[in-house]
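Okay, structure first, notes after.
Just so it is clear, none of the values below were taken in a lab; they were calculated from the coordinates. Quick caveat: nothing in here was measured; it's all calculated off a predicted structure. We place every Cβ from the backbone using ideal geometry, glycine too, and count neighbours over all the protein chains shown.
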Amino acid sequence: MTAMPKLQLNGVRKSYGATKALRHGDLSLDAGEVHVLIGSNGSGKSTLCKIVAGSVRPDGGEVILDGQPVEIGGPQDAKAKSIGIFYQELSLAAHRTVEENICLPSLPLSGPFADRRAITERASRYLKLFEGVTGEGFALDTPVGHLREDQRQLVEIMKTLATEAAILIFDEPTSSLDRSQVERFFAVLKQLKTEGRSVVFISHRMDEIFEIGDRVTVIRDGETVGTLKIGDTDQAKVIALMVGEGATPRSGAEAKNPATTIRSDITPRLSVSGLSGKGFRDIGFDVAPGEIVGFGGLHGQGQSSVLRALFGAAEVAAGSIALNGNSVTPADPRAAIRLGFAYVSGDRGRDGVIRGRSILENVTPVHLLRAGQRLLDPADLKQKARPALEALKTVFAGYDQPVTALSGGNQQKIVIARWLVDAPQVLLLDDPTKGIDLGAKADLFALIRKLAEDGLGIVLYSSEDNELLQNADRILVFNGGRIARELAGDERTPYNLYHAAYEAA
Amino acid sequence: MKHRLTAVAAAATFIVAGATGAFAQSYKIGLSNGWIGSEWRTQMIEEAEAAAAAWKERGVDVEVVVQSANVDVPGQIAHVRNFMNQGVDAIIINPNSPTAFDPVFRQAAAQGILVISTDAEVSSSDAIYVGIDQTDWAAKSAQWLADTLGGEGKVVAINGVAGHPANQMRVEGYTSVFDNYDGIEVLNEVNANWDQAQGQQAMQNLLATYPDIDGVWVQDGMAAGAWRAIMDADKTADIAATGEIRKDFLDIWAENDLTSGASVNPPGVMASALNVAVFMLEGRELKEPADAGQYGNALYLPIPFIDGSNFEEVHEAVEGKPGYYSYTSALSIDDAEALFN
Amino acid sequence: MTDQTASNSLSVAGQRLIARFPFVPAAIILVVLLALNGWFEPRSLSFGALRGLVSTYLALMLLAMAQSYVVFASDLDLSVGAIVSLVNVVMVTVMQSLGGDPLMVLFACVVGIAVGVACGLFNGFVVAALRLQAIVATFATSIFFTGIALYVLPVAGAPVPEAFWLTYASSYFGIPFVFYVLALVLVILTLLARSGLVIRILTVGDDAMGAFHSGLPVTAIRIKGYALCGLFAALAAMCLTGDTASGDPLVGGQMTLNSVAAVVLGGTALSGGKGSVLGAVIGALIIGLINSLVFFVGTPSEWQNLVQGLAILGALMIGVLVSRRAQK
């Protein structure tokens, strides 16, 4: 190990506004190794990778390539410096064919024309690596948009390999792949190692990490906390590093112990059984009045889909939903609202705030829908909106102030206030604190607890594990679209949560 | 039901008879209009259709086929080509461009089709223009304004669309008149795109900038707007301005006793052109060849003028018509015949 | 059972066909419209009439091509009509000041193309480099280009040398000149469809972020798309000048929206990433044939605009329905 590292990052940092995505990123990558990057949701892994790939410019820190400090000016520059990346969100053109996508970063030309023969030839070289595991309907001339999720992920892998770069970064390349595809992919990675290429590999599956990795670097809260040799460690040690040594099972605001306050003889507010749909299977749980049920697990394991399905915004293939013991079918959001469901999303731009309109207009649409009112009486509306807004301690100058003048946290309160004008039965919170500062978060969770005490059934999905540990009475850990484990009472520890989330699906 | 069938059959027989025997002559004339932004154009076509029907009494069957839609220049060239495909005897067109039709008119002429443009002149030597002289149209009203002001005063002009040939000719028209008077000072000339609202806005701006305006020379399509601004500014008595020929404006004129005068660009021009066309199809010779105007192919029609002296009479003529109706005049068949040998 | 399998395989075949050739529904509509025109006015299918059709709409076909390359990148160019006007007056003015010598006419054409490409580059710079909204930015540049055109030639006029427009109207070996041009256009669009640039433009239109992440020079590609658009707008202006034989600073203005309509009628999505230039060319003919058909059917003049609008909507709907059905 006297050889100079191929790539080294020292104290790299990046902020988006007030949010520090990466505080202090260190990484040392050798030639001929597969280096695993691990950390919980939002710990800064992807930001670190994007800095290396040039699509994010760091605010500070050092990037050293082959012993030389460099600045990576953009994806084109990264390409020139022989760095290739697999994007978690994929970078494919849906209407282009598989072969075109594989060759896109440097399209073979003859004169001004695309050299079809060379494209097919080059693409088939990479297709051959995955021969037999690509699945039905996968051909070089298939438009990528016609492929399944796992097949698209394979195309992105082939596209990354086709850059033939010395440094290859794979940001969660295996999340949709089946076992045979993963095995083939690992065989390819092993071949790359023998060629002396460097691979950064991000995955949440512990077994995969220990199968393919040479070293593992752990990132926690935007900081590199350590690098371990895979041979010298085990899963428990890695998880302990991710969780942090000082982490206590419960801290901060206290959550109630469901075993004592929630009586089993009360009809649940919400009762779900056997619910299946796109992205989730066989989901069953109850929410008692006054209870906050948390959805945990890695990002994108079906939590949001379940919430959206309950709100009628996503299709339900099978299963039953009961509200206060009565079977219901929320066919669309309008129906769900009339039944008494309320839904607040962290994606305020898409699902919540009506930009450019006043606070009053943002508070009242649900009320108007439920009351079936067609004509508006602003004075009457203000009367109805006032208690809801006061309960939220929302700071605003007047009802006519545009909602976008408020901070993210206060905007989110306005969105919640919208549901409180007419008391709902069940409040569905879909990662509601995304992009909100800490002070506002505390207010928000105090409010949510108060709403629970008033008898609402609350389902809370959060991508931040701490929020769940501090606020949920029970945590259902999602993995691969199923509920992998239920944590209640003293089981609610970071260790248990990580362990359940990172278990092989 | 049976009755109606019989009636249809009878009508059909009549038409067949008409086509073959009853009429000495029958002609098919295509009318093309490439812009339908105002009622004036609609009235233009309706009057032309009425003029065609009037020929029946004289034993000539004139069938008109109309293409009237908002089209671009190629679209109107397509109008002409469609007429050629249908085998018309003559084409009367209100053209979207003065010059763009040269080649297609040549192709039509080569097929023996008579081409007449109206309302806007065309440069083609294969067509003639039958309509008013836009330069003279502007000069007439400019002369009225100069006379009304006694040859002295401060004047502003509100024009249509920059670069439009009719607009250009009108600017030349009033400029040539005002140049004759040392006492008339043209303070400003603005474009308001033949739009009433823009005309009103322009007039408001002008009134704000120049408090002592005596006269306004404004083109039709914007004059009502300009007058509204003048009346809002309470200057109705102090300012003389040109006017419009629409019924609704004539009503305002009468009610407020405006000092106004209007050159008439009558929607009847297409009807006049149609009457001229039929005589030409009959093989008659014009007494005076159509060789006027900048392109040497124009036959100019007389331009009526409305001012205090004949206002009562004009206002009576449009009595009972809808507000958008324009005061009109057209060559009757007899008037047209007088132009021929 | 066998029936269903048969219809399934038929729809699979249809799906393949339309995925590969998105202009197929447009081509079917074109054939139907031709047949209807011929039914109501047999002479509209004569050789001379078809020649007239091509002469008239060659400019719009080229303009629809121009618009396609911008739409492919999920952009839009509302200034194409103004570019046509500007190139038209510049060419005519150059021809007039240098005389009708064939060499000078050729020089004027080169100048015209240069002007068109320059306008395209300017649009591309404003939209892609300065990142202004394409619709509003090109609306603004359209006013700007019209202003320059009015400065170059304040009033319509300025006849073109006969050598120029007689060529456009002439025939060689019994085949009209415009048919040669049309054939050339078809060859060019086939070649361009295979060019690396157009594939990259489509990629950008598909997912600009993905293309950026893949290391494609997204800004440069979008600018090149606009430049290509300017080039074909200039060629459209040359055809229009050939058919109108004159300079008119306002001649192209109304062609802009027709070009957008032609692109959409041809099966290209305004959201970018896919489509067919040939479809846009067919779309231009569809617009022309609808206008003629409305007349040949004998629609009363006061209803022609309305019927024409409805017919274009109808054609659009048929195209969408056919594609959707095939994609099921």
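Points worth noting:
- Zero-based 10 Å bins, Cα pair distances in region A:52-93, whole percents: 28, 53, 17, 2
- Principal axis dimensions, largest first and in whole angstrom, of region A:268-339 by Cα: 30, 25, 19
- Fraction of C-alpha pairs exceeding 29 angstrom in region C:22-327: 36 percent, rounded to a whole number.
- Cα centroids of region C:287-315 and region C:113-162: 31 Å apart.
- Each semi-axis of the equivalent ellipsoid for region B:100-224 is √(5λ) with λ an eigenvalue of the Cα gyration tensor; in descending order they amount to 35, 16, 10 Å.
- Equivalent ellipsoid of region A:7-243: semi-axes from √(5λ) of the C-alpha gyration tensor, largest first, are 30, 21, 16 Å.
- When you count the other C-beta atoms within 10 angstrom of each residue and take the mean per peptide, B:29-39, C:147-157 line up highest first as B:29-39, C:147-157.
- Per residue of B:137-149, other chain Cβ atoms within 10 Å of the residue Cβ number 0 on average.
- Scanning residues 5 or more positions from residue A:115 or on other chains, those with amide H under 5 Å from its amide H are A:109, A:110, with H placed 1.01 Å from N in the peptide plane.
- Extending 7 Å from the Cα toward the beta-carbon at both residue C:171 and residue A:128 defines two label points whose distance is 5.8 nm.
- Shielding by partners, peptide C:234-246 (average Cβ within 10 angstrom, other chains): 4
- Under 5 Å from the amide H of residue B:131 lie the amide H atoms of B:299, B:301, each residue being 5 or more positions distant or on a separate chain, with H modelled from the backbone and absent for Pro and chain starts.
- Average projection area in nm² (convex hull over Cα atoms of region C:17-142, one quarter of hull surface): 11.1 nm²
- By average C-beta atoms within 10 angstrom, highest first, the peptides A:413-419, C:43-49, B:282-288: A:413-419, C:43-49, B:282-288
- Hz values of 3J(HN,Hα) by residue in region A:84-99 - Karplus curve (6.51, -1.76, 1.60), Gly and Pro given as x: x, 9, 9, 8, 3, 8, 6, 10, 9, 9, 4, 8, 8, 7, 4, 5
- In this simple spin-label model, placing a label point 7 Å from the Cα along the Cα-to-Cβ direction at both residue B:256 and residue B:196 gives a separation of 1.3 nm.
- Equivalent-ellipsoid semi-axes of region A:19-79, from the Cα gyration tensor, Å, largest first: 18, 16, 11
- Euclidean distance of C-alpha centroids, region B:264-308 and region C:171-241, integer Å: 48 Å
- Lys/Arg +1, Asp/Glu -1 at C-beta; the protein assembly as shown dipole; positive extreme among C:147, C:195, A:169: A:169
- For chain B, fraction of C-alpha pairs farther apart than 33 Å, in %: 33 percent
- Taking only alpha carbon atoms, region B:23-125 gives an Rg to Rh ratio of 0.96, where Rh is the Kirkwood radius.
- Applying 1/(1 + (r/R0)^6) with R0 = 60 Å to the Cβ-Cβ distance of residue C:103 and residue B:238 gives a FRET efficiency near 0.45.
- Helices that extend 15 Å or more along their long axis by alpha-carbon positions and average at least 1.0 on the Kyte-Doolittle scale are, among the DSSP H runs of chain B, B:2-17, B:269-281.
- Volume per residue of the convex hull around the Cα atoms, evaluated for the protein assembly as shown, comes out as 255 Å³.
- Model label sites at residue C:271 and residue B:335, defined 7 Å from Cα along the beta-carbon direction, differ in position by 6.0 nm.
- Counting Cβ atoms of other protein chains within 10 Å of each Cβ in A:93-102 and taking the mean gives 5.
- Radius ratio Rg over Rh of region A:72-179, counting only Cα atoms, Kirkwood formula for Rh: 0.95
- Chain B: calculated mean residue ellipticity at 222 nm from DSSP helix runs of at least 4, using -39500 (n - 2.57): -13000 deg cm²/dmol
- Residues whose amide H falls under 5 Å from that of residue A:22, counting only those 5 or more places apart or on a different chain, are A:14, with hydrogens built in the peptide plane.
- Peptides C:274-283, A:325-334, A:212-221 ranked from most to least packed, by the mean per-residue count of other Cβ atoms within 10 Å: C:274-283, A:212-221, A:325-334.
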